[in-house]
1. What is the local net charge at R59, summed over the other residues whose Cβ is closer than 15 Å to its Cβ (Lys, Arg +1; Asp, Glu -1)?
2. Among T127, Q92, Q157, whose Cα sits farthest toward the positive end of the charge dipole of the chain (+1 at Cβ of Lys/Arg, -1 at Cβ of Asp/Glu, about the Cα centre)?
3. Which FRET efficiency, nearest 0.05, do Y113 and E55 yield, Cβ-Cβ r, R0 35 Å?
4. With axes computed from alpha carbons, what is the tilt in degrees of helix 145-156 against the longest principal axis of the chain, rounded to the nearest 10 within 0 to 90?
5. 222 nm [θ] for the chain, helices only, -39500 (n - 2.57) per DSSP H run of 4+, per residue, to 500?
6. Excluding A22 itself, what net charge comes from residues whose Cβ is under 15 Å from its Cβ, given Lys and Arg +1 and Asp and Glu -1?
7. G47: net charge of surrounding residues, Cβ under 14 Å, Lys/Arg +1, Asp/Glu -1, itself excluded?
8. I'd like the orientation of helix 67-93 relative to the chain: the angle between its Cα long axis and the longest Cα principal axis, in ° from 0 to 90, rounded to 10.
Amino acid sequence: MYIIALERKANGRIVYPRKEVAIQQRLRNSYEKKLYTRLIRTFSNIGAQVANDLERGQRNPISLENIDTQIGNVLVEHYRQVFNEFGTRTRQNFNRILRKETEFERYVQQYLYAVGGTKITQISETTRQQLVQIISKGHIDGLGQNPIARQIREYSQGSFTRYRSRMIARTETHQASIFANHRVSRDQ
C-alpha cells in the first residue's frame, strides 16, 4: 500500500497528488493528439513538396532543405504551449501568481538549448534520409520522376508516418511537460 502525502497550498487548500497526476495525464494526452495531427499534416506536406519538385524535373529536390524549418516550427510552437500549460499549473499548485505571460519563454529557450534543438535536428534528419533513400532507390531501379514522386506521396501519407507521428508526439509532449514541471517547481 502506498502512502501519499497531501500537500497544502498557502491558502489552506489541499492538493491531492493522485488527482493532479490524472489531470496532468489528461493534459498530456490532449497535447499529444494536437501534435500528432500537426505532424501528420507536416510530414504529408513535406512529402508532397518533395514529390512536386521531382515531378517538375528536379533530380535532387530543393524542398529537402526546408524540412528543419517546417518540423522546427511545429515542435517549437508545441513546446511553448506545453510549457505555458504545465508551468502555469505547477505555479498554481505552489500558489504563486505569474509575474508575466512570457515568463515561461525562458524555460522554453532552456529546453530548446538542452534537448529540443537536438530533437528537431534528429527528426528532420531522419525524415530527410528516408526521403533521399526512396529517391535513390527509385533512381537505381530506373524509375522516372513521376513514379518516384508517387512513392514519396504514398510513403508520406501511409501508416508508417502515422505511427512515427504518434511516437514523436508522445515522447516530445511527455519530455516537455516533465521539464516544465521540474523547472517551475525547482524555481518555487
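1. Working: positive: R56, K137; negative: D53, E55, E65, D141.
Charge balance near R59 sits at -2.
2. Q92
3. Details: r = 39 Å, r/R0 = 1.12.
Calculated transfer efficiency: 0.35.
4. 20
5. Details: 6 runs with 138 residues, N = 188.
Per the formula, -26000 deg cm²/dmol.
6. Values: positive: R18, K19, R26, R28, R89; negative: E20.
Net of charged neighbours comes to +4.
7. Numbers: positive: R41, R128, R150, R153, R162, R164; negative: D53, E55, E154.
With Lys, Arg at +1 and Asp, Glu at -1, the neighbours total +3.
8. Helix 67-93 sits roughly 10 degrees off the main axis of the chain.
Values quoted throughout were computed directly from the atomic coordinates according to the rules given, and no laboratory measurement underlies them. Note that the coordinates shown come from a computational prediction; the quantities given were computed from them, not determined experimentally. Quick reminder, even Gly has a Cβ in these numbers, built from the backbone with ideal geometry, and neighbours come from all protein chains shown.
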